[in-house]
Amino acid sequence: MSGPQALRCRIGSLELDSPLLTGSGTFGHDGLVTRFLQPGDLGALVIKTVTPAPRGGNPPPRLVETPAGLLNSIGLENRGVDAFIAETVPLLRELSKPPRAIPVVANAGGESVDEYVHMVRSLDRTEAFAAIEVNLSCPNVQGGALPFATSAEAVARVIEACRSCTERPLWAKLSPNVARLGPIAQAAERAGADALTVANTLLGLVVDWRRRRPVLGAGFGGLSGPAIRPVAMRMVWEARQAVDLPIVASGGAATAEDVMEFVTAGASAVQIGTAGFQRPDLISRIAADLRALLKQEGTDLESQCGSLQWPSPAASGKV
Amino acid sequence: MAVLPADARCMDTELLGLQACGPDAWLLDLALPELLPSLAPGRFAMLSPGDGSGPLIPRPFSVYDQPQADRLRFLIQVIGPGTRALSRLSPGSPVVCTAPLGNGFRLVAPDRPVVLLAGGVGSAPFLLYGRQRREQGAGSTALLFGARSADRLYDHASFSDLGMDLLLATEDGSQGFHGNVLQALEQGLDSGRFDPEARFAACGPEGLLHAFSAFARRRGLDAEISLETYMGCGVGVCNGCPVATAEDGCFGAWPYTKTCLEGPVYSVLDLVF
């Protein structure tokens, strides 16, 4: 398929114009930066995490660049769900209606099952969102405690509780900071998630050795950008093997070639995050390249999705 | 709360040239694909090489000058991989430029004197400031321009060419006042050379801005600072450029402000700085 429909894709019951989504936390809350994008290029706007209470965020510095990557520790700065619904949701409602008609995916954060439930209930009631992504994996906010997404049992508890409060598509955003993703992905699937976002930033540290201190104000940070793409790719493939749910890839995609890699490894859609800081219109440039690439290779997203053929053990060269 | 400026755009520009203006600094000229309205001083652009030769994240630069509606000039001191990559481009190279961003300096009545303080490459927002003052037919506009040494008083003749009252200072005494610009300011206020009722503004290294902010608050000056905070996106979406706010300032109880949207220019009363 070519032409304007060439990028149409589906994440479960959700039909989108494009497989290119924003990565949560890299496109803000209000969607105003979508102004830089052409119609039809952005499949959905995934907004920055919102939490029940306001969070001022972590002390600066919050960013440090690394080779082909960015280490961040923002700390989920947001004004809390009540202010978000009063001030920002009206803007997002406008965005999701014609002429822009960009579906918006909310992102819910919390520190307990009750908080997640409160978030999903509140967001669901606004009727402004095409789906709700549950952020189980922010590495920067637990004050040393592990994110929910590092335990299959904790993931199951949160998703099961959230599932009972919404009929909207519910996406579980998982963490790459685990030894094995498979059991966690399966726990999310069994608990009722409609899709998995794989994954989030990798926990990291940059040291200012002269001052003998971490560079970031909060110490650790989450690594994003092209540097982590092979890790995210491996996890998308692992998740693909473990579950039947649609997978939304998130981790270092910066070009149309990267998007095709993720799709081939099993992703139905791909979030563009840190790379978008290069230029706010990057998603439109990737969309144009992607259309050209699909046409040139004579393939389409659906037949490419998950078509990766794993080499057989006999081909590994071992004797 | 500030939002993305309505006039911001992302442009594929072309490097017209790089002109050395010190041991480690360049004037970088860009040809834009479209016409920009006249820009307020203090606004900035995110720049990165369009050929992928730079690091992942673009860098913020004050607009130094706007020679024509489709030209922008930047003053760039080479301090790391981002600025180094820009300084190594050849004429004709593509440069990604997202601009104009940020708030810029508050307008000043033409008949009110203005005293500007620049430390090194912190002079960058003040050429446009001087130009705007001249176009308004404004009165006295003083610039105290300090640097480590005389060869780092980048392009200082351009400021006097605009008719600004230029006072140079060097830490090593190689040109002008021997000391830093804050000491020069203090002397000028005490001697009556500068009117304490003037509008003051400073840009430069963090240490200078901290000292200037404390001084301005102590003396009750109406003063602004333009920050050179590290940024991720420049357009208000990454929350990576926070600066702590003063509880009794215009940002109220919220602990941080985004430099890229609500700055980079702030009143010294609104920040804990």
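Things to note:
- Out of B:7, B:70, sole residue that is more than 18 Å from the chain's Cα centre (by Cα), in contact (Cβ under 8 Å) with a residue 24 or more places away in the chain and within 14 Å of another protein chain (Cβ to nearest Cβ): B:7
- Residue within the stretch A:121-139 that is open to solvent by 30 Å² or more (accessible area, probe 1.4 Å), among the β-branched types (Val, Ile, Thr) and either over 22 Å from residue A:269 (Cβ atoms) or outside any helix (DSSP H, G or I) (or both) present: no
- Residue count, the stretch A:35-50 (criterion: within 23 Å of residue A:111 (Cα to Cα) and either open to solvent by 20 Å² or more (accessible area, probe 1.4 Å) or out of contact with any Ser or Thr (no Cβ under 8 Å at 6 or more places or on another chain) (or both)): 1
- In the set A:87, A:65, only one residue is open to solvent by 10 Å² or more (accessible area, probe 1.4 Å), within 29 Å of residue A:161 (Cα to Cα) and at the interface with chain B (Cβ under 10 Å from one of its Cβ atoms); that residue is A:87.
- Taking the conditions (1) more than 14 Å from chain A (Cβ to nearest Cβ); (2) open to solvent by 10 Å² or more (accessible area, probe 1.4 Å) in turn, residue B:213 satisfies each one other than (2).
- Taken as a whole, the structure places residue A:53 among residues that are within 14 Å of chain B (Cβ to nearest Cβ), more than 19 Å from residue B:236 (Cα to Cα), more than 19 Å from the chain's Cα centre (by Cα) and assigned to a loop (DSSP other than H, G, I, E, B).
Residue-wise test of (1) over 30 Å from residue A:187 (Cα atoms); (2) open to solvent by 50 Å² or more (accessible area, probe 1.4 Å).
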{"position": "A:239", "(1), (2)": "no, no"}
{"position": "A:261", "(1), (2)": "no, yes"}
{"position": "A:275", "(1), (2)": "yes, no"}
{"position": "A:289", "(1), (2)": "yes, yes"}
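- Within the stretch B:51-64, not a single residue is surrounded by 15 or more Cβ atoms within 10 Å (Cβ to Cβ), within 14 Å of another protein chain (Cβ to nearest Cβ), in contact (Cβ under 8 Å) with a residue 24 or more places away in the chain and hydroxyl-bearing (Ser, Thr, Tyr).
- Where strands (runs of 3 or more DSSP E) sit wholly within the stretch B:108-188, those with at least 1 residues that are open to solvent by 20 Å² or more (accessible area, probe 1.4 Å) occupy B:165-170.
- If you check B:184, B:244, B:223, B:201 for being more than 14 Å from chain A (Cβ to nearest Cβ), touching a residue at least 24 places away in the same chain (Cβ under 8 Å) and closer than 30 Å to residue A:277 by Cβ, only one passes: B:201.
- Screening the candidates A:14, A:20 for the property of being under 26 Å from residue B:11 (Cβ atoms), more than 13 Å from chain B (Cβ to nearest Cβ) and in contact (Cβ under 8 Å) with a residue 40 or more places away in the chain yields one hit, A:20.
- Residue-level analysis places residue A:32 among those that are facing chain B (nearest Cβ under 8 Å), on the phi < 0 side of the Ramachandran plot and open to solvent by 30 Å² or more (accessible area, probe 1.4 Å).
The values are calculated or read from the model by the stated rules, or taken from the named source; none is laboratory data. Since this is a predicted model, take the numbers as computed values, not measurements. Every residue, glycine as well, gets a Cβ built from its backbone with ideal geometry; the counts of neighbours run over all protein chains shown. Surface accessibility is based on the protein's heavy atoms, side chains included, excluding ligands, DNA and RNA. Shrake-Rupley method; radii C 1.70, N 1.55, O 1.52, S 1.80 Å.
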